[in-house]
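The next block holds one structure in the form of structure tokens; read it before the comments.
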Amino acid sequence: MITPVEFKNVYVRLGNAVVLENITFKIADKEFLGIIGPNGGGKTTLIKTLLGLIKPFKGEVKVFGEAPESTSKLIGYVPQFSTFDMTYPISVHNVVLMGRMAVKGGKKGFNSNDEEIVKKSLEKVNLLNLSEKLIGNLSGGEKQRVLIARALASEPKLLLLDEPTASIDSNTGVLFYDLLQNLNKEITVIIISHDIGAISKYVKKIGCLNKTFVYHDSKDLTKEKIEMAYHCPIDLIAHGVPHRVLEEHHHDS
Amino acid sequence: MIPEIFQYDFMINAIVASLLASIAFGIVGSYVVVKRIIFISGGISHTAYGGIGLGILLGFDPMLGAIAFSLIAAFIISKLRNNAANNEDVLIGIMWAFGMALGILFTSMTPGYTQNLSSYLFGNILTVPREELYMMLLLDIGIVSITVIYFKEFQAITFDEEYARVIGLPVDNLYLLLLIIIALTTVVLIKLVGIILVVALLSIPASISQRYITNLRNMMLLSIAVGMVLTITGLFIAYYFNLAAGAATIILSVFAFLLSNLYLKLTNK
């Protein structure tokens, strides 16, 4: 089995600042990895490196054994929906259809096979009934699921989500993670978030990113790990995520 | 009995020009509105003024100068946006002012220049010659063809540029192509409403349409229709009340925009 993602001593620079330093990790097939870290800790840069949008100046990144630029089709990327314009006149169906462009490129027309895949993708996220609705008329949780369906439409082997629960309420969030766990039965999932509490309950492994990456082959989220990532444990407790709660989650699983 | 207004060649030309221009700014304006690049479009159109001035000074067709300068502006903007260290907004603002200043400088250096500059700033649709109509027709054919060919790609980059990049579309080239058709549309609109008012015709019909439709293609078609109604009505108002056509069209458009929003508010849409 080819390793879905492998970073070997990767350094990434943005302008003059080194944003990622000596990142080394490897994940297994059908993994469900959560990556947490503070804002400015390099989460977005890590995503862009993984997608081949930024090249590291040192080290090596491999996605399914190849350079990330040539494997963009294998990654289903789910951005934060809150970052783009939702007044855009486009139906749910047509957004998901864009996922097919990842496979076919721009010039080829869509055929019945594409339509079938779009339908299946919408079924997986339970949105088939809203197919013809304008994207702007959906709730936050529904919009996020549309973006997952779009990613699924490209039939990826790896699903990569950037802060997926940032703009949805916690109830919707629970359903959302259930959905991800379901999808994880078939594909590898990486989720990047600052939402430590929610993430640690659902993912199989967890890593902490703050310029450097702390990752062990377990979900055990120790106080030391978080402190190393955030350099600020007091903040964590103030936000209602005390160390104790995380340990309990660990025992639940 | 033909109404008096249709007996003048210049009126027929003005009507045809309005209809042709509506096609261009209905399509391009829809992209400008959904991608929210009105300011960029304003920057491109104002930079064109430098080219007009240069044309007047050196004695070639000012419209050629406008085309050259607006295309250069489109290239510069497409390069600027990937340069993270620059503030895109500031640089567009600088280019905007610099183009205008060059235009004023060039025309002031032209010996004995007395032609009314306001026809470039505010448009003068009643003086559009027949050859210009052919140029507009050509531009329309170009814009419609490009839009038909690249509809999916333009939709992808205007809806979610980052995703388009991730799935491997040539985003930078597509964006440049979009800026080029914006630049060419801008130049054609200069004759109609002038540089200063171009921004209004790119944005208002498309903004009105956006609220009534559910997909980009229909938004374009409705924008074209709205644009035709507004420009022709503006032209008639200008003719019968002896007003400046460009200004009358824009004021009418703003009222239409406000009325449309009021209607949507009252009907709770």
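The values are calculated or read from the model by the stated rules, or taken from the named source; none is laboratory data. Computed from a predicted structure; not experimentally measured. Note: ideal-geometry Cβ built from the backbone for every residue, glycine included; neighbour counts use all protein chains shown.
Brief remarks on what is shown
- Of the residues making up region B:201-222, those that are under 14 Å from B:TYR31 (Cα atoms) and either away from chain A (no Cβ under 11 Å) or not small (Gly, Ala, Ser) (or both) number 15.
- Flag for B:ASP160 being buried (at least 19 other Cβ atoms within 10 Å of the Cβ), more than 20 Å from the chain's Cα centre (by Cα) and either of a type in the set (D, E, K, R) or within 14 Å of chain A (Cβ to nearest Cβ) (or both): yes
- Residue satisfying all of: in region A:43-63; in contact with a helix residue (DSSP H, G or I) (Cβ under 9 Å, 6 or more places away or on another chain) and either more than 14 Å from A:ILE190 (Cα to Cα) or of a type in the set (Gly, Ala, Ser) (or both); nearest to the other protein chains (Cβ to nearest Cβ) among these: A:LEU53
- Top-ranked residue of region A:8-27 - restricted to ones that are within 12 Å of chain B (Cβ to nearest Cβ) and free of Cβ contacts under 8 Å to residues at least 24 places away in the same chain, ranked as surrounded by the fewest Cβ atoms within 10 Å (Cβ to Cβ): A:ASN16
- Subset of region A:80-93 [free of Cβ contacts under 8 Å to residues at least 24 places away in the same chain and more than 7 Å from chain B (Cβ to nearest Cβ)]: A:THR83
- Region A:128-144 - residue that is over 10 Å from A:SER91 (Cα atoms) and at pLDDT 90 or above and, of those, farthest from the chain's Cα centre (by Cα): A:ASN129
- When region B:240-250 is limited to residues that are at pLDDT 90 or above and surrounded by 16 or more Cβ atoms within 10 Å (Cβ to Cβ), the one that is nearest to B:VAL199 (Cα to Cα) turns out to be B:ILE250.
- Any hit, region B:171-180, residues being within 28 Å of B:THR147 (Cα to Cα), within 14 Å of chain A (Cβ to nearest Cβ) and surrounded by fewer than 16 Cβ atoms within 10 Å (Cβ to Cβ): yes
- Residue within region B:147-154 that is touching a residue at least 60 places away in the same chain (Cβ under 8 Å), at negative phi and crowded, with 18+ Cβ neighbours inside 10 Å present: yes
- Every residue from region A:98-115 that is modelled with pLDDT of 80 or more and more than 9 Å from chain B (Cβ to nearest Cβ): A:ARG100, A:ASN111, A:SER112, A:ASN113, A:ASP114, A:GLU115
- Hits in region B:132-157 - residues which are at the interface with chain A (Cβ under 10 Å from one of its Cβ atoms) and among the acidic types (Asp, Glu): B:GLU153
- Odd one out for B:GLY29 among (1) within 14 Å of chain A (Cβ to nearest Cβ); (2) in contact with a Gly (Cβ under 7 Å, 6 or more places away or on another chain): (2)
- Odd one out for A:VAL118, checked against (1) at pLDDT 85 or above; (2) of a type in the set (A, V, I, L, M); (3) part of a loop (DSSP other than H, G, I, E, B): (3)
- Meets criteria (more than 10 Å from chain B (Cβ to nearest Cβ), assigned to a helix (DSSP H, G or I), out of contact with any strand residue (DSSP E or B) (no Cβ under 6 Å at 6 or more places or on another chain) and within 23 Å of B:ILE149 (Cβ to Cβ)) for A:GLU123: no
- Selected residue (criterion: farthest from A:ILE192 (Cα to Cα)) from residues of region A:64-79 that are surrounded by fewer than 19 Cβ atoms within 10 Å (Cβ to Cβ) and within 10 Å of chain B (Cβ to nearest Cβ): A:SER70
- Just one of the listed residues (B:LEU102, B:LEU121) is part of a helix (DSSP H, G or I), modelled with pLDDT of 90 or more and out of contact with any Asp or Glu (no Cβ under 6 Å at 6 or more places or on another chain), namely B:LEU102.
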